[in-house]
Amino acid sequence: MSGEEALLEALNSTPVVDGVPRDLWRDGPALSQWAARHGGGGGPAEREWLRKTRDALQTVVRGASGPEILAAFLAGVRKVPRWSGDRLDWVLEVEAERRLAVELILAWARIQEESPGRLRPCANSDCRLFLVDHSRANTARWCSMRTCGNRLKARRHHERRRRAGGAAAPGGTGARPDRSS
Ligand SMILES: [Zn+2]
């Protein structure tokens, strides 16, 4: 599997839909399909590993825990050399039901090493998605400019106007997230 793509799919499996946090992986069949698409078997033990690993990775990427909490998921995992023709491959040695979960952590580790600081949560605090910033300037803040970026820009514009206008808008000053959709 493409490590980064699979990792982002996993991290972004708990979106906020119409203001309500959802877990797309709570649904067994949906997660089984995801696992199958990435070469897994999709059985209950594998799903359990995937959910727990995803939860831990989300906590780490949000900065709520240090990466050491990931160590437990790697216990007993080995990489062993194997020749295919004249090429040396390093092959994961781990129970089948843990393989995908371990690969997610290895994908996370690769991004940390090759693109440090590029994997981060969306800057919209109402959004629970993550992004990998591939821009040269490393200034991307939103999971999507089309959704979160525009929404936040509109909200800031609204707040600036409200402050500049002095009088409170009808309905009081309680800062409610706008539900434009
Ligand atoms: Zn977002």
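Odds and ends about this structure:
- For residue 84, the conditions (1) free of Cβ contacts under 8 Å to residues at least 40 places away in the same chain; (2) under 26 Å from residue 47 (Cα atoms) are fulfilled apart from (2).
- Selection status of residue 44, farther than 20 Å from residue 129 by Cβ and touching a helix residue (DSSP H, G or I) at 6+ places or on another chain (Cβ under 9 Å): yes
- Residue match in region 45-55 (condition: free of Cβ contacts under 8 Å to residues at least 60 places away in the same chain, hydrophobic (A, V, I, L, M, F, W, C), assigned by TED's automatic domain parsing to the domain that holds residue 106 and under 21 Å from residue 5 (Cα atoms)): yes
- For beta carbons closer than 7 Å, sequence separation of 6+ or different chains, a first residue in region 8-32 that is in contact (Cβ under 8 Å) with a residue 60 or more places away in the chain and in the same structural domain as residue 51 (by TED's automatic domain parsing) and a second that is assigned to a strand (DSSP E or B) and among the aromatic types (Phe, Trp, Tyr), the qualifying pairs are 8/130; 11/130; 12/130.
- Some residue of region 58-75 being modelled with pLDDT of 95 or more, farther than 26 Å from residue 124 by Cα and not aliphatic (A, V, I, L, M): yes
- Pick from region 106-125, criterion touching a residue at least 24 places away in the same chain (Cβ under 8 Å) and farther than 20 Å from residue 54 by Cβ, ranking: nearest to the ligand (Cβ to nearest atom): 124
- Restricting region 132-143 to residues that are surrounded by 15 or more Cβ atoms within 10 Å (Cβ to Cβ) and without any contact (Cβ under 8 Å) to a residue 24 or more places away in the chain, the residue that is nearest to the ligand (Cβ to nearest atom): 142
- Residue in region 10-28 that is part of a loop (DSSP other than H, G, I, E, B), among the acidic types (Asp, Glu) and at positive phi present: yes
- Single condition residue 170 does not satisfy, out of (1) modelled with pLDDT under 85; (2) in a helix (DSSP H, G or I): (2)
- A single entry from 160, 128, 155 fulfils the requirement of being surrounded by fewer than 11 Cβ atoms within 10 Å (Cβ to Cβ) and either outside the structural domain of residue 7 (by TED's automatic domain parsing) or away from the ligand (no atom under 13 Å from the Cβ) (or both): 160.
The values are calculated or read from the model by the stated rules, or taken from the named source; none is laboratory data. Note that this is a predicted model, so its numbers are computed, not measured. Cβ atoms come from the backbone with ideal geometry, glycine included; neighbour counts cover every protein chain shown.
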